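No lab work stands behind these numbers, since they all come straight from the coordinates. Just so we're clear, the structure is a prediction, and the values are computed from it rather than from any experiment. Every residue, glycine among them, receives a Cβ derived from its backbone with ideal geometry; neighbour counts consider all protein chains shown.
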Amino acid sequence: MSNNRSSRRGARLRRWLVGLFCVHAAACAPATPAADAATLAREQMVQRQLLARDIDDPRVLEAMRKVPRHRFVPDEHAAHAYLDQPLPIGHDQTISQPYIVALMTQLARPAPGDRVLEVGTGSGYQAAVLAELAAEVFSVEIVTPLATRAALLLRKLGYSNVAVRSGDGYAGWPEHAPFDAIVVTAAPERIPAPLLEQLAPGGRLVIPVGPMHSTQQLRVVEKDAQGRLHERSVSPVRFVPLTGEAADRDRGGE
């Protein structure tokens with residue numbers, strides 16, 4: 001029975017991906033294998049959602065072309081995996097729209113030899129994109145079932161340079177600090193001090209900051225060689241709140 005169910009799920013996914021390509025293409029070619037359809041869908045995502053805006057880093061664009069986003073969303077949302085929108089992944093969490101993932105990655109500028117911290121693993125998609133670009137990725141997720149699921153999927157997809165643990169990301173991952181880049185995928189009221197401490201000289205922290213359930217500001221903090229911090233705002237965004245005891249204290253116990 002398990003083989004039959006797996007075959008049916010595979011068939012549905014192939015139909016979804018081919019259908020997605022047909023909807024967005026000027027003309028629909030004959031049905032192709034799911035892998036080919038997914039590749040086409042990712043290329044259209046890159047062309048229409050990333051290059052058409054302000055994503056121009058060649059390494060980031062290549063990573064976005066490569067990572068199979070449809071593998072990181074629930075089966076019932078696979079047909080929408082490459083659309084310009086966030087999607088629910090369970091436990092009141094979402095996977096960010098492709099543009100936001102690419103933008104935060106471009107702002108973080110991970111280099112091939114870098115060690116990167118991600119706060120808020122979620123589905124594991126952002127971690128996979130970072131893993132295409134950096135030497136090591138350490139990702140913290142406060143929702144244990146999401147951390148477990150993401151770790152298993154990342155391992156299955158061959159991302160051996162990603163470590164995932166369940167915990168409060170507000171505290172970072174001090175055992176592996178300092179980090180050349182830190183990407184935070186949930187919004188605190190203010191930038192957590194431990195993350196600033198764990199940022200290496202020359203490193204960049206990319207983080208949405210602002211009130212719960214409202215518009216936040218995506219910020220970039222850079223630490224220079226002398227340890228001084230330089231902060232700038234990039235754009236308004238909407239993220240789920242960063243949760244945990246320390247984050248709640250920052251919000252006054254909300």
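Of note:
- Charge dipole of the range 2-250 about the Cα centre (unit charges at C-beta), most positive-ward option of Gln226, Ala135, Gly158: Gly158
- Which of His80, His176, Leu107, positive extreme of dipole for the range 2-250 (C-beta unit charges): His80
- The dipole here belongs to the range 2-250: it is taken about the Cα centre, uses +1 on the Cβ of Lys and Arg and -1 on the Cβ of Asp and Glu, and is about 1000 debye.
- A Stokes-Einstein calculation at 10 °C with viscosity 1.306 mPa s, built on the Kirkwood radius of the range 2-250 over Cα pairs, returns a diffusion coefficient of 86 µm²/s.
- Order by protection proxy (mean Cβ within 10 Å, highest first), peptides 149-160, 199-210: 199-210, 149-160
- Euclidean distance between Cα centres, the range 184-254 to the range 62-137, Å: 18 Å
- Packing, as the average of other Cβ atoms within 10 Å across residues, places the peptides 180-188, 88-96, 66-74 in the order 180-188, 66-74, 88-96, highest first.
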